[in-house]
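> Before anything else, here's the structure in question.
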Amino acid sequence: MLNGEYGTQQRRRSAVLMGAIALAFFVIALKLYMLQIAHHDEYRTRAEQNAMRTVPVEAVRGRILDRNGRIIVGNRPAYTVGVIPAEVAEDVERLDSVFAPVLGIPRLVICSKVRGQHRRLHRPLEVMRDTPFSAIAYLEEHRHELRGVVYFVESRRRYPYGRLGAHLLGYVRELRESQLVTSRDQGYALGDFMGQSGIEATYEERLRGQKGEEYQEVTVSGRVVESLRREPVRGTDVRLTIDLHLQQVAEAAMDTVKRGALVAMDPRSGEILAMVSRPTFDPDVFSFVVPPEVWRQLNDDEERPLFNRATMGTYPPGSTAKMITAIAALENDVIDTNTTFRPCTGTLWYGNRRYSCWAGKGHGALNVIHAIEASCNIFFFQLGDRVGLDRWSETARKFGLGEPTGVDILPEDNGIVASTEAYDRRLGRWRWGRGEALNVAIGQGITLVTPVQMVCYVSALGTGSLVTPHLAAGFIDADGTEQLVQPSDPKAIEVEPELLATIRHAMILVTEGARGTAHRSRVPGYHVAGKTGTAENPHGEGHSWYVGYVPAEDPVIAVAVICENAGHGSDVAAPIAGALFRARLLDGEEPRNAEGPQIAQGGGIGSAEP
Amino acid sequence: MALTARHLGELFDWPLALAALGLVVAGWVGLLSATGATAASRMQGLASVQLLWVAFAFCAALAALWLPVRFWYGIAYIVYGVTLALLVLTLFYGARWMGAERWLVLGPIRIQASELGKVGLILALSRYLANHKVTMTRLSHFLGALAITLVPVALIRQQPDLGTAAVYLAIFLPMVYWAGLKNLHLFVLVVPIVNAICAFAGWIPWMAFCLAFVGLLFLIRPPVLWTVLLVVVNLTIGIITPAIWDRLEPFQQRRIQTFFSPEKDPLGAGYQIIQSQVAIGSGGMTGKGFQQGSQTQLAYLPETHTDFIFAVLGEEWGFVGTLAVVGLLLLLVWRTIRMGLVTNNRFASFVCIGIGSMIAFQSVVNIGMTLGLMPVTGLPLPLVSYGGSATITVGFALGLVLSFGLRGYE
């Protein structure tokens, strides 16, 4: 023990030191009292909240039905297997050796997943999605040996008709990280499925439904002792205007075509009855994680199978545009129905250029009706020169060309209508000759159209009104009540009805006349109005076109078909349309139609005769 | 020296030894919870490893107990030099861990040189200050002691480990005070530190500090020259503190920000403080029971085996448990400082003050952190937290204190 003055001093100093330390410890004790005694209840509540967890419950996605309520896209159960890290901690290696072969996954995948997880040890860690049912059966039989292994049922897309309508239906795909950035606000999470194209994308909001939640209270070991559930809301079913039977006929007919598209529509309402694009793809490959090689293959394919040619493919209309030239000439009084030009000998010299007709020997002298029937280029070259580009484009726009049709699957191409302005923009002022008007008159030049625009065009020729094509007929809630889609009213086009009747007469002759080019689209007992076309293009043989409707005097179905590089319209496209016309009118089943008039049977064409 | 009955009966400091034993047991119980059957697999087995560290610490304590005081006096500067060398090695070959380089890997052993350095500093400072010719009234002697402290601090600042560097200063101040530093000089030393902390906290705490500072100046009435110096230095600190802020490592900034407003960052660093408070608060009077703490077991608490082990004890053993641990720590510190007062050996006296201050500071900072009273610094709780270097260092230090008790009257 220290003595004397030094000792006293050090005793004082040790007291100061101990005093300071004791003060700090006292503050700690005080704070401990505040936390553990005074505010204990508050913190106990917070700890209990921590022992609650919220697990999202997926909503079942709405189905997609055809117009008669038959399921085209349904759902199927899919099993996802997971492990709870906290429960398998000790014997993860044994589990791996037993369970990996059952699942058919490489060894040590489970090990590395479990060891890589340091937080949320009581949450299931996903091991395998879309597990084969045999593995689930094994899991059920060996429950006691496989502690910590869980599985849950998820809902996945089912396509009972395989590739049928792949482009119009679209596909769903797991959200990518990049998409999540923009969609997190809408309640999406990583691993959620989202419609990526077609109907699945357009009506994503209705189809996805609303996620539910399960609140689980867990013990210290993470075992669920109590759970409360807020049920998810099932997605709305979308009933389409598509007629399954017609779609099947269309798919079968288009199977002979390598690349092309078909749109069939009810010209009175704009209800799309069938839509096909070739080549196609299998939407089922997107239902689970898409292997990179599959994705690359689909994207790199030069034929572009994911590309919906019905709404996005743009083609020169070829001879199917001749009705526009004829109407432009007739309504501007350039000609009347009796006017004939210089007879067709197979060639025409214009400036220093030679323009030829598809029929090498020539058609002789024709009026406009027979020129349409025979699809004589020489007649239309001479007509085009007299009509001029701008009057032509004005008429083409009346039929909705050059702008989106408003169909409810996106995206849609606008196409191009040839005009002085369009040529100036494309080729530069003074860089193109008057001869372009001749090309445009037969549907060549810079004009580009999509198949869906063409079906609207030919419908308008038949009915005198332009409609908005659409695919959704109604939305059916979980309780079965249907909310019908109100189609926008048909818009009458500004063309004299008598003039349209003349054109219609010419289009009937295309099917029935001696020189007609679409005999193979005939339907026994009905008059078919149509027009073939062969769109010349730099990629080889001409694109084979057909547009038409039936019955001619009161159309119930209009079709536009294009087969890329397939040759003459009369050989390839017209027979495909014919198959569809016959299926619509002759097969027993009739498309359901809420309000439209019944189909007129038979009947002459007297009224259409000039 | 032969151990006699008198040694064990009267001179051996049983309260100190038992307090240390109690803390080791408490730490091990906490560790069993933190690494229990339901916790993460990577931590299982740490409890048995800690037993090995405790055994090593016990051996270190026996070695300290066995060798005479003059032996430690003789090699004080050598120990200091070796620990400095280890710190330098850590600078160049340190392994990255949790955002800071603290570990020196020597074959299978990972050494936290900054822990060993504390003992080196205490021994070196004690030998320097024990010299009768050294007096704190002379500036050169004071600066000498400061230099001994700042060399390892500078090496640790480089690593960077702010908390451990603070421990070195917390060892230095009480020791120079013990060596006879005047109250006025102590005031001059402590005030700038308080000033800097207040300036970090924001304008309002700093204005409060200024008021208190002026009040104290009037109370103490230091000589005019000192007063001017104090005012100038403190104003400068108040102004340049925000500038220093910009030069801190981002994780250091985050820790300080989080300390002042944990709720602002509830998912980041603030998460630790909030969950720790919830764990301790939910423990209540008697706690949830061994391995029954949901905060611990559901892995809401971070670093349960090291930095936040006190929170595990608070959740599972309640107010009773935490008060027991705090009480044992206070007992340990008190017996150590008392030993510094009763021993006749001047060197031993300084060593005790240094060790007592070190244990007290680390305890207050670590527990304060789990309670939200202090920023998150990563300082272990002596004898309770898991860790080899720290446990062995404290074990050895307590061995020295017990040894002084046996030999102090010689």
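The values are calculated or read from the model by the stated rules, or taken from the named source; none is laboratory data. Worth saying up front: this structure is predicted, and the values here are computed from it rather than measured. Cβ coordinates were reconstructed from backbone atoms using ideal geometry, including for glycine residues, and neighbour counts include every protein chain displayed.
> Just need a number here: residues in region A:73-104 that are under 30 Å from A:Leu164 (Cβ atoms) and among the hydroxyl-bearing types (Ser, Thr, Tyr).
2
Rundown of residues vs (1) in the same structural domain as A:Gly198 (by TED's automatic domain parsing); (2) part of a helix (DSSP H, G or I); (3) buried (at least 22 other Cβ atoms within 10 Å of the Cβ), yes/no style:
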| position | (1), (2), (3) |
| --- | --- |
| A:Ser277 | no, no, yes |
| A:Arg296 | no, yes, no |
| A:Ala326 | no, yes, yes |
| A:Ala329 | no, yes, yes |
| A:Val334 | no, no, no |
| A:Thr339 | no, no, no |
| A:Tyr355 | no, no, no |
| A:Lys361 | no, no, no |
| A:Ile372 | no, yes, yes |
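> So, restricting to helices (runs of 4 or more DSSP H) that lie completely within region B:134-221, which ones have at least 1 residues that are within 14 Å of chain A (Cβ to nearest Cβ)?
B:162-178, B:183-201
> Residue pairs, Cβ under 7 Å, 6 or more apart or interchain, first in region A:40-53 and at the interface with chain B (Cβ under 7 Å from one of its Cβ atoms), second outside any helix (DSSP H, G or I) and modelled with pLDDT under 90. List them.
Listed by first residue and then by second, the contacts come to A:Asn50/B:Leu298; A:Asn50/B:Tyr300; A:Ala51/A:Glu217; A:Ala51/A:Val218; A:Ala51/B:Leu298.
Let's see how each residue does on (1) at pLDDT below 85; (2) surrounded by fewer than 14 Cβ atoms within 10 Å (Cβ to Cβ); (3) in contact with a strand residue (DSSP E or B) (Cβ under 6 Å, 6 or more places away or on another chain); (4) more than 14 Å from chain B (Cβ to nearest Cβ):
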| position | (1), (2), (3), (4) |
| --- | --- |
| A:Asn68 | no, no, no, yes |
| A:Val73 | no, no, yes, yes |
| A:Ala89 | yes, no, no, no |
| A:Val92 | yes, no, no, no |
| A:Gly104 | yes, yes, no, yes |
| A:Arg107 | yes, yes, no, yes |
| A:Arg120 | yes, no, no, no |
| A:Leu125 | yes, no, yes, no |
| A:Tyr138 | no, no, no, yes |
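> Continuing with the same structure: Among the candidates B:Val333, B:Val342, B:Val326, B:Val364, which residue alone is at the interface with chain A (Cβ under 8 Å from one of its Cβ atoms) and more than 22 Å from A:Ala24 (Cβ to Cβ)?
Working: B:Val333 fails: more than 22 Å from A:Ala24 (Cβ to Cβ); B:Val326 fails: more than 22 Å from A:Ala24 (Cβ to Cβ); B:Val364 fails: more than 22 Å from A:Ala24 (Cβ to Cβ).
Answer to the check: B:Val342.
> Here is a further query. Consider A:Ser221 against the criteria (1) modelled with pLDDT under 75; (2) not in a loop (DSSP other than H, G, I, E, B): it satisfies all of them except one. Which criterion is unmet?
Answer for A:Ser221: the failing condition is (2).
> May I ask you to list the residues in region A:269-298 that are among the polar types (S, T, N, Q) and farther than 15 Å from A:Gly170 by Cα? Before the answer, list the steps.
If we filter region A:269-298 for residues that are among the polar types (S, T, N, Q), which is where we start, we get A:269, A:277, A:280, A:287, A:297.
Passing the criteria: A:Ser269, A:Gln297.
> Ok, one more. Exactly one of (1) buried (at least 22 other Cβ atoms within 10 Å of the Cβ); (2) part of a loop (DSSP other than H, G, I, E, B); (3) of a type in the set (A, V, I, L, M); (4) free of Cβ contacts under 8 Å to residues at least 12 places away in the same chain is unmet by B:Val364. Its number?
(2)
> Which condition does A:Ala59 not pass, out of (1) of a type in the set (A, V, I, L, M, F, W, C); (2) under 53 Å from the mean Cα position of the chain (by Cα); (3) closer than 28 Å to B:Gly318 by Cβ, if it passes all the others?
(3)
> Same structure again: Which of the residues spanning region A:536-551 are buried (at least 23 other Cβ atoms within 10 Å of the Cβ) and touching a Phe, Trp or Tyr at 6+ places or on another chain (Cβ under 9 Å)?
Correct list: A:His543, A:Trp545, A:Val547, A:Gly548, A:Tyr549, A:Val550, A:Pro551.
> Shifting gears a bit: With respect to the numbered conditions (1) modelled with pLDDT of 75 or more; (2) outside any helix (DSSP H, G or I); (3) crowded, with 21+ Cβ neighbours inside 10 Å, which one is the sole condition not fulfilled by B:Glu316?
Of the numbered conditions (1) modelled with pLDDT of 75 or more; (2) outside any helix (DSSP H, G or I); (3) crowded, with 21+ Cβ neighbours inside 10 Å, the odd one out for B:Glu316 is (2).
> Something else about it: Based on what the data block shows, is B:Gly36 farther than 24 Å from B:Thr164 by Cβ and either at pLDDT below 90 or part of a strand (DSSP E or B) (or both)?
yes
> Pick out the one residue from A:Arg157, A:Arg147, A:Arg163 that is over 33 Å from the mean Cα position of the chain (by Cα) and outside any helix (DSSP H, G or I).
Exactly one of A:Arg157, A:Arg147, A:Arg163 is over 33 Å from the mean Cα position of the chain (by Cα) and outside any helix (DSSP H, G or I), namely A:Arg147.
> On the given criteria, is A:Ile199 among the aliphatic types (A, V, I, L, M) and over 23 Å from the mean Cα position of the chain (by Cα)?
no
> Out of the residues in region B:368-379 that are under 16 Å from B:Gly314 (Cα atoms) and part of a loop (DSSP other than H, G, I, E, B), state the one that is nearest to the other protein chains (Cβ to nearest Cβ).
Step by step, filter region B:368-379, then rank; the result is B:Leu373.
> Looking at A:Gly351, A:Gly406, A:Gly400, A:Gly428, which is the one that is under 30 Å from A:Thr468 (Cα atoms), surrounded by fewer than 18 Cβ atoms within 10 Å (Cβ to Cβ) and of a type in the set (Gly, Ala, Ser)?
A:Gly406
Conditions tested, residue by residue: (1) within 30 Å of A:Glu498 (Cβ to Cβ); (2) in contact with a helix residue (DSSP H, G or I) (Cβ under 9 Å, 6 or more places away or on another chain).
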| position | (1), (2) |
| --- | --- |
| A:His539 | no, no |
| A:Val547 | yes, yes |
| A:Val556 | yes, yes |
| A:Val559 | yes, yes |
| A:Ala566 | no, yes |
| A:Val572 | no, no |
| A:Ile576 | no, yes |
| A:Ala579 | no, yes |
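> Let me confirm something: among A:Ala472, A:Ala460, A:Ala441, which residue is closer than 19 Å to A:Ser488 by Cα and in contact with a Phe, Trp or Tyr (Cβ under 6 Å, 6 or more places away or on another chain)?
Exactly one residue qualifies, and that residue is A:Ala460.
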